[in-house]
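The next block holds one structure in the form of structure tokens; read it before the comments.
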Amino acid sequence: MTPFVSLVMFGWIPVVLYLFSRFPAQRAIVVSFVTGFLFLPQLFKFPIAQGIPAYDKVSATSYCVLLATLLFDAGRFSSFKPGWLDLPMLIWCLCPIATQMSNGLSPISPTTGQIVTWGIPYFLGRIYLNDLAGLRQLAIGIFAGGLSYIPLCLIELRIAPTLHLKLYGFHARSDFSQTIRYGGYRPTVFLEHGLWVGVWMMAATLIGIWLWRAKVIKQLRGIPIGSLAIVLVITFVLVKSTGAYIYLVLGVVILFIAGWLRTSLPVLLLVMGISFYLYLGATGTLYTIPQVVSFVSSANDDRSGSVVFRLINEEVLSQKARQRMLFGWGDSGGNRVYDESGRDITITDSLWIIAFGSQGLVGLISFTASLFVPSLAFCFSRYPPSSWSNPKVAPVAALSLVLILYMLDSVLNAMVCPVFMLASGGISGLVMKEPETNKVTSVRSSVARRSLVQQRQT
């Protein structure tokens, strides 16, 4: 690992501090998280202390933003008022305590690791991005992040996914064969896997399309938003992530149907579908369905073979997880399956099976709920679909759907993205307040009524 990697990672601390001293807090936190996730190097880990997660790509921005908040905006911490929507994330973060203790293990490291990886980004979203303006900043930030990846993806499509190697001196992933798809290269840029790039570009493209459709912004850096969205769509197609293609189509169809028919039913159906799949996988029923058995036995092409590989591994991992159904195996390694020589013979490709095996049903349900509940509360409790085309509400509508699609991807893959947890926290904070569009409407209505009364009196 080159000295430049350490320079970038530790240089990130003053960069984040500068952003908070130079820009409004909401913009600073969005730029920090999006830039950190997209451009900081993989695999770097600097130990801090026993029981405290190492300083790495995932934790760096959370640590830096907490420090910046303490130095420049300490009063922000006292603005946090816990509510019922915070329960899923609270349970998910504290679940390792019960898990580890039930396995006779120390709960300190797994619990702090879960808090830093998932809880802190959620908390920062709660205190910084809990209004329409803040979430608009985040949506535009994700869209801009996707735009920044366009030239990098095109370069790697041409020369091979080697930008991480050229800049930082090593590949982000040792298995280079994973970068080859459909007779060409699949970009990884500065993320761990090309699938991660696909999901990020999907989220950026979906948000860009809806920002364009709702006329949230007309241009970015002097370029029309429509032109940017089209170029982003083309680049997204070129990144060769089949699953992400499906997510984007689902997202666009749901947003447009919800706008035309003014119903949240498609969102609910998608959530129910994902939840039902997780139920079948956790109980083992999925792997006995005749159609699934037939698919596993007859698949022969690369893409279906990848799905079959996941299903075969998840079947044995799910069976092992059910031995400790409630709280899971913790970090004991008991959630894995080993051969007679003690060699691990399983691969955990999906985030759901990792959560289920290590944290049990409590962990799986709480993690899933931390993504579903804020989105469903936004759709059904505060901001109905009739408001999703409103330029103020549209960015949050797109973000809410991105969270659900991220959970859909977690059924197959294991992408850890603190930016999405930032969105989850922000939407939770927004939903627990009175709808801002109602405030605007009520103010305007009261002004209009007063004017009418005055006219009648005169």
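On inspection, Leu105 qualifies as among the hydrophobic types (A, V, I, L, M, F, W, C), at pLDDT below 95 and either over 23 Å from the mean Cα position of the chain (by Cα) or open to solvent by 70 Å² or more (accessible area, probe 1.4 Å) (or both).
The set of residues from the stretch 164-178 being surrounded by 12 or more Cβ atoms within 10 Å (Cβ to Cβ) and either in contact with a Phe, Trp or Tyr (Cβ under 6 Å, 6 or more places away or on another chain) or closer than 17 Å to Pro3 by Cα (or both) comprises His164, Leu165, Leu167, Tyr168, Gly169, Phe170, His171, Ala172.
Among the residues making up the stretch 341-396, a single one is out of contact with any strand residue (DSSP E or B) (no Cβ under 9 Å at 6 or more places or on another chain), farther than 24 Å from Val419 by Cβ and among the charged types (D, E, K, R): Arg343. If you check Leu206, Leu255, Leu211, Leu228 for being open to solvent by 10 Å² or more (accessible area, probe 1.4 Å) and either in contact with a Cys (Cβ under 7 Å, 6 or more places away or on another chain) or not in a loop (DSSP other than H, G, I, E, B) (or both), only one passes: Leu228.
Please work out if Leu38 is of a type outside the set (Asp, Glu), in contact with a Leu (Cβ under 8 Å, 6 or more places away or on another chain) and closer than 18 Å to Phe420 by Cα. It is true that Leu38 is of a type outside the set (Asp, Glu), in contact with a Leu (Cβ under 8 Å, 6 or more places away or on another chain) and closer than 18 Å to Phe420 by Cα.
Conditions tested, residue by residue: (1) modelled with pLDDT under 90; (2) open to solvent by less than 40 Å² (accessible area, probe 1.4 Å).
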{"residue": "Val237", "(1), (2)": "no, no"}
{"residue": "Leu250", "(1), (2)": "no, no"}
{"residue": "Leu280", "(1), (2)": "no, yes"}
{"residue": "Ser298", "(1), (2)": "yes, no"}
{"residue": "Asp301", "(1), (2)": "yes, no"}
{"residue": "Ile312", "(1), (2)": "yes, no"}
{"residue": "Gly330", "(1), (2)": "no, yes"}
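Scoring Ala160 on the criteria (1) in contact with a Gly (Cβ under 7 Å, 6 or more places away or on another chain); (2) open to solvent by less than 60 Å² (accessible area, probe 1.4 Å); (3) over 18 Å from Gly425 (Cβ atoms) leaves a single failure, condition (1). Scanning the stretch 129-168 for residues that are out of contact with any Ser or Thr (no Cβ under 7 Å at 6 or more places or on another chain), in a helix (DSSP H, G or I) and of a type in the set (Ser, Thr, Tyr) yields Ser148, Tyr149.
The values are calculated or read from the model by the stated rules, or taken from the named source; none is laboratory data. This is a predicted model, so every value here is computed, not measured. Every residue, glycine among them, receives a Cβ derived from its backbone with ideal geometry; neighbour counts consider all protein chains shown. Please note that ligands, DNA and RNA were not included when accessible areas were found on the heavy atoms of the full protein model with its side chains. Shrake-Rupley method; radii C 1.70, N 1.55, O 1.52, S 1.80 Å.
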